[in-house]
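Let me begin by presenting the structure, written as structure tokens, before commenting on it.
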Amino acid sequence: MILNNGLLLLLLVLAIAAGWMLARSGLRLSSGEQAQLPSQYYRGFNFLLDGEEEGAVDAFTEALAVNEETLDTHIALGSVLRKRGEVDRAIRIHQSLLARPQLTEVQLHQSHLELARDFIAAGLYDRAEKLLLDLIAQSSDLRQTARRHLLEVHEAQRDWQSAVLVAEALIDVSKDESAAGNQGQAAHQLRSHYLCEQAETALDSGDARGARLLFEDALRDNVEELRALMGLVRLALSEQDTEQALQQFELIINSGRASAPDLLALLAEICSGQSDPTLQLNCLRRYYAKQPSSLLARALAQQVAIHEGKEAAQAFLRSTLEDYPSASIAASLLLGETVATSSGPERNILAAFADADAGYRCGHCGFSGKSRHWRCPGCRHWDSIHYLGAFLEQPNG
Ligand SMILES: [Zn+2]
């Protein structure tokens, strides 16, 4: 069996630590203990040499008594096992730590936190929640870290109301203290998404009033929060209030958030309900002026073609190339001109170039997909996925 490098390294550390502790404490042990512990130690080596990592972990763990000096080694071992997916064994190690009476209060809290992490990894959310609530009440050092993990529990259970309360507590602390323990995404951003989750459910179930209150609350800490603004546009559209929908959409344009196909679809839906046929064209002109990108240039060119003709659309696209070099716009121009009547292979190649920047990607972990996720399926970050063609091109010169 080929051992995982991390586990092998840890096993060696365990072996050295156990050997050192045995040598140090050998004189203090009774004759029975002296006979028992070295045998576990040598058994561990035998398992290691035979490639039986499970047996080696157990033997070295037993040989290495839990005390102030070895606690970190036990915790590190449990953590490696958890990351390898061996959650049951991690739980066993951390539970055995909690059974030791000689640990200090701080060490007990550390072990509690590790066990809560194990329970989360195992999907045992009720047990994790109980441990984390105890830690929040008892440990001022680990309180914020425990709250972050409690958010994981509520997110996994889609308990958005409880998640909002925990996020509020994190926001309150971040106002009073330094950033200590407030690692991770900003709590006010998380709070906004938890509220939007509830608002979207309310909107889907026809509770427009409830949805409005929640979306507006989601804008409390950041009036330009995209998800909440998009929600208010949808809410206005559901009430056939296209004027209000347009006002909310202008806030999105002015917020500077990168455009994306779902935003352009929303704009098209708003404009389809208006009597002014050039509304979409004019909105896109304002949008493009604020945010020149290949996505908006091509959307605007479509509207220019409808209202002013194909030549005007092509002239517009060409003019954008003078300021912003874009392979996708150049390819779409060539597609429209030189190979419009061709069905040759060059058409497919140009079409691939024109769509080269289509798709969404997470700026945090690189996950890519064809649609927006408010929470990245790869790294679980909120609102870290953006449309590739929405980024501003570098100006010429
Ligand atoms: Zn991600």
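Hey, does region 347-366 have a residue that's within 27 Å of L237 (Cα to Cα), out of contact with any helix residue (DSSP H, G or I) (no Cβ under 6 Å at 6 or more places or on another chain) and β-branched (V, I, T)? Checked region 347-366: no residue is within 27 Å of L237 (Cα to Cα), out of contact with any helix residue (DSSP H, G or I) (no Cβ under 6 Å at 6 or more places or on another chain) and β-branched (V, I, T). Taking first residues from region 369-385 that are over 12 Å from R227 (Cβ atoms) and partners that are assigned to a strand (DSSP E or B) and within 8 Å of the ligand (Cβ to nearest atom), the Cβ contacts under 8 Å between residues at least 6 apart in sequence or on separate chains come to G369/I385; C376/C362; C376/I385; G378/C362; C379/C362; H381/C362; S384/C362.
Go through region 199-258 and give me each residue that's in a helix (DSSP H, G or I) and of a type in the set (D, E). Listed by number, the residues that qualify are E200, D204, E216, D217, E243, E250. Among residues that are modelled with pLDDT under 90 and within 32 Å of the chain's Cα centre (by Cα), I329 is included.
The rows are residues; the columns are (1) modelled with pLDDT of 95 or more; (2) more than 30 Å from D126 (Cβ to Cβ).
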position	(1), (2)
E155	yes, no
N182	no, no
R212	yes, yes
D221	no, yes
M230	yes, yes
L235	yes, yes
Q240	no, yes
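The condition of being of a type in the set (A, V, I, L, M) and in a loop (DSSP other than H, G, I, E, B) does not hold for L131. Restricting region 343-384 to residues that are of a type in the set (S, T, Y), farther than 19 Å from L151 by Cβ and modelled with pLDDT of 80 or more leaves a set whose member that is farthest from the ligand (Cβ to nearest atom) is S371.
The values are calculated or read from the model by the stated rules, or taken from the named source; none is laboratory data. Bear in mind that the values here come from a model prediction, so they are computed numbers and not experimental data. Every residue, glycine as well, gets a Cβ built from its backbone with ideal geometry; the counts of neighbours run over all protein chains shown.
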